[in-house]
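Reviewing the structure listed below.
The values are calculated or read from the model by the stated rules, or taken from the named source; none is laboratory data. Only a predicted model underlies this, so the values are computations on that prediction, with no experimental measurement involved. A quick note on method: Cβ atoms are made from the backbone with ideal geometry, for glycine too, and the neighbour counts reach across all protein chains shown. The area values use the complete protein model at the heavy-atom level, side chains included, leaving out ligands, DNA and RNA. Shrake-Rupley method; radii C 1.70, N 1.55, O 1.52, S 1.80 Å.
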Amino acid sequence: MSTSTEVMHYVPDQLVTGGKTLADVNNDIAAPLERFPNGRWWACFILAICVFGLGALLASDMFLNGLGVLGLNQPNGWGVFIVDFVFWVGIGHAGTLISAILFLFRQKWRTAINRSAEAMTIFAVMTALLFPVIHTGRPWYAIFWLLPYPNQRHLWVNFRSPLLWDVFAVGTYFTISLVFWYIGLVPDLASIRDRAKNRIRKVVYTILSMGWRGSNKNWSHYETAYMLLAGLSTPLVLSVHSVVSFDFAVSNLPGWHTTIFPPYFVAGAIFSGFAMVVTLLVIAREMFNLKNYITIGHLEKMNKIIMATGMMVGYAYACEFFIAWYSGSPFERFAFINRAFGPYWWAYWTMASCNVFIPQIFWFKKARTSIPVMFVVSLFVNIGMWFERFVIVVTSLHRDFLPSNWRYYVPTFYDWGITLGSFGWFFIWFLIFCRILPVIAMAEVKGVMAQEDSHSPHPHPSHPKEVSVRV
């Protein structure tokens with residue numbers, strides 16, 4: 001066998017299709033930033049603003065009239081807002097996983113999807129942080145009394161409470177993720193700066209690119225910082241949702257007090273986060289004509305991870321029933337039987353169907369590589385993961401130790417409206433991101449193309465300087 005044939009045999013799946021050159025990467029990815037938004041973008045943006053406006057209006061009315069407008073009751077002191085908080089924190093996990101962990105494992109296929117996933121992380125955490133504040137009902141008091149800052153009242157928050165651990169864990173996660181995202185943007189911001197024809201636009205991108213010139217020294221410092229931040233971010237993927245799970249696991253309430261919650265929550269967070277990334281990328285690649293960069297191969301690998309983490313989540317569901325039986329506690333057994341066959345059976349089986357059964361279609365390659373199928377499955381997964389948090393919160397609370405204290409929790413229009421508004425808030429930021437920043441990491445895609453070309457018997461014509469400085 002000739003050498004060229006052997007080389008071709010070991011070339012991995014093509015990460016950029018269409019015979020693109022390095023110049024094409026800049027032109028194609030920067031195009032949405034340089035032209036006036038089309039009608040589809042404006043339609044999505046206006047819809048997102050309207051949805052968020054509805055949620056903000058309902059939240060304002062709730063602040064004026066009190067939490068009585070919600071479906072909360074005794075013993076259901078936690079409702080949809082805590083469900084939304086855990087849901088959005090989970091959505092934010094895929095970005096750091098794709099960027100940090102896959103980077104450390106040198107997975108080249110991450111380069112086309114990491115930028116959007118990182119942005120999704122930032123906006124999902126911003127959305128999640130709204131709900132603990134909204135849930136207090138009087139956010140101006142919450143800011144004054146609950147934040148851990150030095151004060152003359154000698155009144156501090158309870159540092160032994162997992163609710164306070166959330167503040168530090170989620171705050172740290174947001175800060176590191178934001179810095180990691182911004183550092184990765186710097187080379188691309190410089191590319192947009194050099195292409196800018198409008199003076200104001202050029203000044204803005206010049207400031208944001210922090211004097212980047214693409215020299216070997218710049219690249220050396222950049223890659224060192226990126227590696228350190230990737231290493232720092234990796235433990236956060238595991239720690240943040242583990243801390244969120246402690247909100248439940250450290251209690252003595254049947255259905256919550258279980259040691260499986262930290263790994264179970266982390267697997268579920270990665271599961272829902274990857275599903276949301278697939279949802280967003282399927283839309284982005286169509287709206288901004290990025291099919292040559294976000295390929296079917298990228299999406300297929302995402303679908304494999306969704307299927308794998310979905311089976312982990314299904315295993316956790318089964319383990320919960322086994323642990324409840326094995327514990328010998330009648331209260332624990334009742335809590336889980338009540339989940340599956342009690343008044344909220346419909347929520348439990350919606351969760352199981354969406355998270356365990358529907359993703360099994362990805363065993364078939366034809367389904368994994370079908371855009372309509374993966375889009376529908378990703379929507380079902382996110383619906384199922386929202387119901388998972390609903391099942392954990394509500395079904396463990398609504399039936400207390402005393403039957404006289406049992407109540408059925410029914411979310412009101414305010415609960416659903418504010419929840420819907422959070423999706424509007426998330427998509428407003430994501431749509432703005434798509435308009436002012438490159439959706440794909442241009443510098444990293446060029447690096448992958450350069451490596452592929454160096455192994456190809458027919459390399460693309462490319463600028464040798466750009467290839468040499470990005471390895």
Relative contact order of the chain, please, whole-number percent, based on alpha carbon pairs below 8 angstrom and at least 6 residues apart.
32
What length, rounded to one decimal in nm, is gained on full extension from A43 through to F331, with 0.36 nm per residue of separation minus their alpha-carbon distance?
98.6 nm
What ranking, highest mean first, results for peptides 177-187, 100-110, 120-130, 402-412 when packing means the other Cβ atoms within 10 Å averaged over each residue?
120-130, 177-187, 100-110, 402-412
Between the stretch 128-201 and the stretch 290-320, the alpha-carbon center distance in angstrom:
29
State to the nearest 20 debye the size of the charge dipole of the chain about its Cα centre, where the only charges are +1 on K and R beta carbons and -1 on D and E beta carbons.
840
May I ask you to compute the full-extension gain from K366 to F401, defined as 0.36 nm times their residue separation minus their alpha-carbon distance, rounded to one decimal in nm?
7.6 nm
With all protein chains present, how much of the accessible area of the stretch 163-235 (probe radius 1.4 Å) comes from carbon and sulfur, to the nearest whole percent?
70
Report the Stokes-Einstein translational diffusion coefficient (µm² s⁻¹, integer) for the chain, Rh taken as the Kirkwood radius over Cα pairs, at 10 °C with viscosity 1.306 mPa s.
66
To the nearest µm²/s, what D does Stokes-Einstein give for the stretch 378-422 at 25 °C and 0.890 mPa s, using the Kirkwood radius over alpha carbon pairs as Rh?
200
How fast does the stretch 336-436 diffuse by Stokes-Einstein, in µm²/s, taking the Kirkwood radius from C-alpha pairs at 10 °C and 1.306 mPa s?
99
Farthest positive-ward along the chain dipole, Cα basis, beta-carbon charges - from G384, H398, I283
I283
Please work out how much length the chain gains when fully extended from M126 to V203, using 0.36 nm per residue of separation minus the C-alpha to C-alpha distance, in nm with one decimal.
25.0 nm
Summarise the accessible area of the stretch 311-431 (1.4 Å probe, protein heavy atoms) by the percent that is carbon and sulfur.
79
Mind giving me the nanometre distance, one decimal, between the label points for R213 and V250, set 7 Å out from Cα along Cα→Cβ?
5.1
Hey, what do the phi angles of the stretch 158-169 turn into as Karplus ³J(HN,Hα) couplings, whole Hz, using 6.51/-1.76/1.60 and θ = phi - 60°, x for Gly and Pro?
7, 6, 8, 8, x, 5, 6, 4, 4, 4, 6, 5
Which values, in whole Å and largest first, are the semi-axes of the equivalent ellipsoid of the stretch 50-139 obtained as the square root of 5 times each eigenvalue of the Cα gyration tensor?
35, 14, 8
Which residue, chosen from A352, S329, G342, occupies the Cα position most advanced towards the positive end of the dipole of the stretch 303-381, where the dipole is computed from +1 (Lys, Arg) and -1 (Asp, Glu) charges on Cβ about the Cα centre?
A352
Solvent exposure of the stretch 56-95 as accessible area per residue, Å², 1.4 Å probe
29
About its Cα centre, the stretch 277-421 carries a charge dipole, from +1 on Lys and Arg Cβ atoms and -1 on Asp and Glu Cβ atoms, whose size in debye to the nearest 20 is 440
Please work out the average accessible area per residue across the stretch 278-338, using the 1.4 Å probe convention, and give it in Å².
43
Among A318, Y408, A190, flag the residue with its Cα farthest along the positive direction of the charge dipole of the chain, charges on Cβ as +1 for Lys/Arg and -1 for Asp/Glu.
A190
Carbon/sulfur fraction of accessible area - the stretch 27-72, other protein chains in place, 1.4 Å, %
72
Quick one: Karplus J couplings for the stretch 143-154, per residue in order, coefficients 6.51, -1.76, 1.60, θ = phi - 60°, nearest Hz, x for Gly and Pro?
5, 6, 9, 9, 6, x, 10, x, 8, 6, 7, 6
For the stretch 362-374, Karplus couplings with θ = phi - 60° (6.51, -1.76, 1.60), whole Hz, Gly/Pro x:
6, 5, 9, 4, 4, 6, 5, 9, 9, 4, x, 5, 5
In debye, nearest 20, what is the charge dipole magnitude of the stretch 346-425 about its Cα centre with +1 on Lys and Arg Cβ and -1 on Asp and Glu Cβ, if you could check?
340
